[in-house]
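> Here it is, the structure, as structure tokens.
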Amino acid sequence: MTDLESFADRLKTLTNGRASTPRVRGGVMTLALDVAGLDSEKRDAIAAAIREGGLSVPGVQDVRIAMTAERKGLRIIVVASGKGGVGKSTLSANLAIALKRLGLSVGLVDADIYGPSQAKLMASEDQKPQAREKKLIPVASPFGVPMLSMAHLVEPGKALAWRGPMAGNALSQLIDAEWGDVELLIVDMPPGTGDVQLSMVQKHKPVGAVIVSTPQDLALIDAMRAVSLFEQTQVPIIGLVENMAGYSCPHCGEVSDPFGTGGAEAAAAAMGMPFLGRIPLAIDIRRQSDAGDPPAAADGPHAEHFVAISKRVEAWLHGTNRQ
């Protein structure tokens, strides 16, 4: 076996079969390397090891690697509402975690530039993103979901007095980050239907939108405005989620409905779109969220609600629940 053949055998193990058979001509070794699904750090490490090994082959003076990849487009799902205070961020965090537990490669972006909360919800407040080649590198969360938020970039409690274009540019930097092998990005949208929301949808073209509302009529009116925005920009509506739907007293167990009941389900039926499920008004969800311990990260009665919604979203992604 020649030195080149021996290196070719080692190359299979080194790259897990991603490299083509190396060729040497005029002292230059050439080969192709499939880097699909590798983040930039892993890709660079493999390339460096190939070059080191290639240069050890007698007669090789240079190693040239053609990196190839059949890129999969990053799919974006936005979680939106027509107003604040309906639990959109809590749903976004738990949806991302639940989809991750189902086996999807998921990332999370906190697009609420002026009022970011995902860093707290995902227990990553103390992290700062690095950058490579002018792209942000998402920070890790304890739940296996890489993420980015303005809360990772600005001082805690500092107000951002930015006009629309500045906020839009900041949001683009979060979305256009170095996401590596992430294939599905959950974007927690800012409340409302203004310029930032419109610019984001037009530029980044989400594959679908999840709308969150409480059961009360006023919240539903605002939610319908969010639906209208996505219809006008031709973003499919995956479905509606009814949050804060029923309160179970922790002392007597009696269930009451301070915000009403069934409003979002009725609205979804009236508009001919799927109803994805209900999330109860529960003190444990609030406590866990404030503590950076999302219920979907573990098994339990509250996790079941988020898991059920995530399964319907996954089914929609696979085309089995499109309407």
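The values are calculated or read from the model by the stated rules, or taken from the named source; none is laboratory data. This structure is a prediction, so every number in the text was calculated from the model and none was measured. Heads up, the Cβs are rebuilt from the backbone with ideal geometry, glycines too, and the neighbour counts pull from every protein chain shown.
> Among the residues of segment 267-301, how many are more than 22 Å from Ile238 (Cα to Cα) and either of a type in the set (A, V, I, L, M, F, W, C) or outside any loop (DSSP other than H, G, I, E, B) (or both)?
Total satisfying the criteria: 15.
> Answer with yes or no whether Ser105 is touching a Leu at 6+ places or on another chain (Cβ under 7 Å) and not β-branched (Val, Ile, Thr).
Considered against the rule, which asks whether it is touching a Leu at 6+ places or on another chain (Cβ under 7 Å) and not β-branched (Val, Ile, Thr), Ser105 comes out as yes.
Quick grid of which residues meet (1) surrounded by 14 or more Cβ atoms within 10 Å (Cβ to Cβ); (2) touching a strand residue (DSSP E or B) at 6+ places or on another chain (Cβ under 9 Å); (3) farther than 19 Å from Met189 by Cα:
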| site | (1), (2), (3) |
| --- | --- |
| Ile76 | yes, yes, no |
| Leu102 | no, no, yes |
| Val106 | yes, yes, no |
| Gln118 | yes, yes, no |
| Lys128 | no, yes, yes |
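> Assuming Gly180 fulfils every condition listed in (1) surrounded by fewer than 20 Cβ atoms within 10 Å (Cβ to Cβ); (2) over 23 Å from Ala119 (Cβ atoms) apart from one, which condition is it?
Here Gly180 meets the rest and fails (2).
> State all residues of segment 286-302 that are at pLDDT 90 or above and crowded, with 19+ Cβ neighbours inside 10 Å; if no residue qualifies, say none.
Matches in segment 286-302: Gln288, Pro294, Pro295, Ala296, Ala297.
> May I ask you to list the residues in segment 1-55 that are closer than 24 Å to Ile137 by Cα, of a type in the set (Lys, Arg) and part of a loop (DSSP other than H, G, I, E, B)?
Residues satisfying the conditions do not exist here.
> Same structure again: Assigned to a loop (DSSP other than H, G, I, E, B) and closer than 18 Å to Pro146 by Cβ - does that describe any residue in segment 84-92?
Within segment 84-92 (the criterion being assigned to a loop (DSSP other than H, G, I, E, B) and closer than 18 Å to Pro146 by Cβ), the answer is no, since none of the residues qualifies.
> Of the residues in segment 51-68, how many are β-branched (Val, Ile, Thr) and out of contact with any strand residue (DSSP E or B) (no Cβ under 6 Å at 6 or more places or on another chain)?
Total meeting the criteria: 1.
> Which residue pairs have Cβ atoms under 8 Å apart, sit 6 or more places apart or on different chains, and have a first residue in segment 32-58 that is closer than 17 Å to Arg132 by Cα and in contact (Cβ under 8 Å) with a residue 12 or more places away in the chain and a second that is assigned to a helix (DSSP H, G or I) and among the hydrophobic types (A, V, I, L, M, F, W, C)?
Here the result reads Leu38/Ile46, each pair linking segment 32-58 to a residue that is assigned to a helix (DSSP H, G or I) and among the hydrophobic types (A, V, I, L, M, F, W, C).
> Can you tell me which residue in segment 265-277 is farthest from Glu231 (Cα to Cα), limited to those that are modelled with pLDDT under 90 and in contact with a helix residue (DSSP H, G or I) (Cβ under 9 Å, 6 or more places away or on another chain)?
Filtering segment 265-277 for residues that are modelled with pLDDT under 90 and in contact with a helix residue (DSSP H, G or I) (Cβ under 9 Å, 6 or more places away or on another chain), the one farthest from Glu231 (Cα to Cα) comes out as Ala266.
> Within segment 99-133, track down each residue that is in a strand (DSSP E or B) and either within 15 Å of the chain's Cα centre (by Cα) or touching a residue at least 60 places away in the same chain (Cβ under 8 Å) (or both).
Selection gives Val106, Gly107, Leu108, Val109, Asp110, Arg132.
> If you go through segment 34-68, how many residues are in contact with a Lys or Arg (Cβ under 9 Å, 6 or more places away or on another chain) and modelled with pLDDT under 90?
Of the residues in that region, 8 qualify.
> Then there is this: Are there any pairs, at least 6 apart or on different chains, whose C-beta atoms fall under 7 Å, with the first in segment 1-14 and without any contact (Cβ under 8 Å) to a residue 40 or more places away in the chain and the second of a type outside the set (Gly, Ala, Ser) and not in a helix (DSSP H, G or I), and if so, which?
Close Cβ pairs satisfying both conditions: Ala8/Thr21; Ala8/Pro22.
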